[in-house]
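What follows is one structure encoded as structure tokens, with my remarks underneath.
Bear in mind that the values in this text are calculations on the coordinates, not laboratory data. What you see is a predicted model, and the numbers here were worked out from it, not measured in a lab. Here the Cβ positions follow ideal geometry from the backbone for every residue, glycine too, while neighbour counts run over all protein chains shown.
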Amino acid sequence: MTAESPQFDIMLPYYGDVGLMQDAVRSVLALDGDDWRLTVVDDGTEPDVPGWFEELADPRVRYFRNEHNLGVTGNFNRCLELATFDHVVLMGCDDLMHPNYLRVVREALRSAPDAAMVQPGVVVIDSAGQPVDTLADSVKRRLYAPRHQGAGELGGEELAAGLLRGNWLYFPSICWRTDAVRERGFREDLKVIQDLALVMELIVAGERLAVAEEVCFSYRRHAMSESSAKAFTGDRFTEAQRFFLETAAQLDGMGWNRAALAARRHRSTRLHALTLAPAAISRGKVRAAGTLVRFAVGPPVASAGR
């Protein structure tokens, strides 16, 4: 590792399945290169987890257990506080890095050294670890992801409008420039859409996103995620609507009219809500189903402000 090489803090905000977390840790330990450090920030109370890390006894791995539960957003911000290297990844505790992850990110940063975000190539896996092509991911790839070959760099209103039409990023796989994200942090008033909110803050501030196509990360999609649970109660979409309307007002003020219109329409999020309504009914969540349908087909309401 040379003095000029970027260093990477891989942060693992953890709460949930112990076995999947251990698989995630093992995937990091198998990374190519040595310019990284793994930090696990445990927001739970599973009794055997501290002992497992003690037995691991790997100097590249730090383990912390929060004194009290911080919740998803609070634990994300705790991870940012602990990150000290040039770049940081907030990896999902049930996701998997491939050995080539940092090589792909390093190459992207050589082409775009000032980028605040790097989105590498991702494969989606199910709860059993098998590749899967869900409707949501198919739509992301075919309708919303930028149409280009190889690495690229994006920013400004074009990137903002594209992400507000349909968020094609995979947040746990993104490598962030530490100073850029620590300066802003994750909004404590958002519990599900806080990742897109941070991305939009960076774009509005003039930061750019580097994109690499080589697959180097497995993103696990299953029904037990935090966002899925909130989706069936309708909470996800109540929060989303507030965020999109606030963002539209901000972008109007900047003269980013196309991006503001995309935020007001938030069509992909409305469609997602509509597709969840039948499943909510089948689970006996009739009130939640009504919330989902109203969000999907109803007009936007006035923003309550941040």
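Observations on the structure shown:
- When +1 charges are put on Lys and Arg Cβ atoms and -1 charges on Asp and Glu Cβ atoms, the dipole computed for the chain relative to its Cα centre reaches about 1680 debye.
- For Val122, residues with placed amide H under 5 Å, excluding near neighbours: Cys216
- Prolate is the label for region 34-132, because the ratio a/c of its alpha-carbon gyration tensor axes (a ≥ b ≥ c) is 1.5 or higher and a/b is greater than b/c.
- Site pair Glu107 and Arg187 shows an inter-label distance of 3.6 nm when each label is modelled 7 Å from Cα along Cα→Cβ.
- The slack in the chain from Arg265 to Asp133, taken as 0.36 nm per residue of separation less the alpha-carbon distance, amounts to 44.9 nm.
- The shape of the chain can be summarised by an equivalent ellipsoid whose semi-axes, obtained from the alpha carbon gyration tensor, come to 30, 24, 18 Å from longest to shortest.
- Here the residues Thr45, Thr291, Thr269, ranked from fewest to most Cβ neighbours within 10 Å of their Cβ, fall in the order Thr45, Thr291, Thr269.
- Hull-based mean projected area of region 89-213, where the convex hull spans the alpha carbons, in square nanometres: 8.0
- The label point for Asp32 and the one for Arg258, both projected 7 Å from the Cα toward the Cβ, are 3.6 nm apart.
- Principal-axis analysis of the Cα atoms of the chain puts helix 71-82 at an angle of about 40° to the longest axis.
- Across the chain, Cα pairs under 8 Å and at least six residues apart give a relative contact order of 19 percent.
- Dipole of the chain computed with +1 at Lys/Arg Cβ and -1 at Asp/Glu Cβ about the Cα centre; of Val181, Ala279, His87, farthest Cα towards the positive end is Ala279.
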